[in-house]
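Bear in mind that the values in this text are calculations on the coordinates, not laboratory data. Just so you know, these numbers come straight off a predicted model, no measurement behind them. Positions of Cβ are backbone-derived with ideal geometry, glycine not excepted, and every protein chain shown enters the neighbour counts.
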Amino acid sequence: MTIRYPNGKKFQKKLTQPPIHLAEQKKVQFANRGQSFEEAINQTNDFYLREQLACIHKKPTPVQVVRVEYPARSRAVIREAYYRQASTTDYNGVFQGKYIDFEAKETKNKTCFPLQNIHAHQMIHMKNVMNAGGITFLLIHFRSLKETYLMYGKDLFFFWERQQKGGRKSITYEEVVTNGLKVPSIFHAPVHYLPILEKLT
């Protein structure tokens, strides 16, 4: 029996997609799709949630609104607000029963990652997460090179403490490559970091 739409076209059943595996997808660079680093991470986390691979979200920043104006009855405009407290890290959630907590930073610099991009209270928070048994790391995106690396907290702490002792105020690109793990990019997950964590959990 042939089923047709009202316009006369034949009905064709859509083919279902094969199951998606963490490490088996066509590689693609998110920068080529005009996305920002944050948008790429958010898209990746949405994909992980849809596929029930992990539950990881961007943390909301607590803001205290001070002054609001109403130029129209149906529209409010915030004129003055301030952060209620210093933020910790960008993302947190759960993967394979483990608490995940990480910060994401990008740099235009091709030769190093400046440590001034990270705040002391963020490092303290990451150490607390690690000491409590959670997994904490930093995602570093070199915008010009179109490369992203994952650096676990324990390795990041070494470079932070080196700076605190009067050493260089950045992590060289070579040090990032040596101590970090390159993050692949696939169509559904432009910052595909879970396969790296999978080896650790």
task = Please turn the phi angles of region 43-52 into ³J(HN,Hα) values with the Karplus equation 6.51 cos²θ - 1.76 cosθ + 1.60 (θ = phi - 60°), one per residue in order, whole Hz, x for glycine and proline.
result = 5, 4, 5, 4, 5, 4, 5, 4, 8, 6
task = Go ahead and run the numbers for FRET between E38 and E69, Cβ-Cβ distance against an R0 of 35 Å, rounding to 0.05.
result = 0.75
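If the viscosity is 0.890 mPa s and the temperature 25 °C, what translational diffusion coefficient in µm²/s does Stokes-Einstein give for region 69-201 when Rh comes from Kirkwood over Cα pairs? Provide the component values of the computation, followed by the final result.
Working: Rh = 16.5 Å.
This corresponds to a translational diffusion coefficient of 148 µm²/s.
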request  = Determine which residues of region 44-59 fall in the zone a paramagnetic label at H188 would reach in this model, i.e. backbone nitrogen under 19 Å from the point 7 Å along Cα→Cβ.
outcome  = 44-57
In order through region 160-165: 3J(HN,Hα) via Karplus (6.51 cos²θ - 1.76 cosθ + 1.60), integer Hz, x for Gly, Pro = 5, 5, 4, 5, 4, 8
query = Residues with amide H under 5 Å of I171's amide H, sequence separation 5 or more or different chain, H placed in the peptide plane at 1.01 Å from N; which?
reply = F113, L115
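List, in the order given, every pair from K108/K182; K110/K169; K110/K199 whose Cα-Cα distance in the structure shown is over 20 Å.
Values: K108/K182 17 Å; K110/K169 15 Å; K110/K199 28 Å.
Cα-Cα > 20 Å for K110/K199; rest within.
Please label the shape of region 102-142 as rounded, prolate or oblate, based on the square roots a ≥ b ≥ c of the eigenvalues of the alpha-carbon gyration tensor (a/c under 1.5 means rounded; beyond that, a/b larger than b/c means prolate, else oblate). Intermediate values should be presented prior to the final figure.
Details: a/c = 3.58, a/b = 2.10, b/c = 1.71.
Prolate shape, in that a/c is at least 1.5 and a/b is the bigger ratio.
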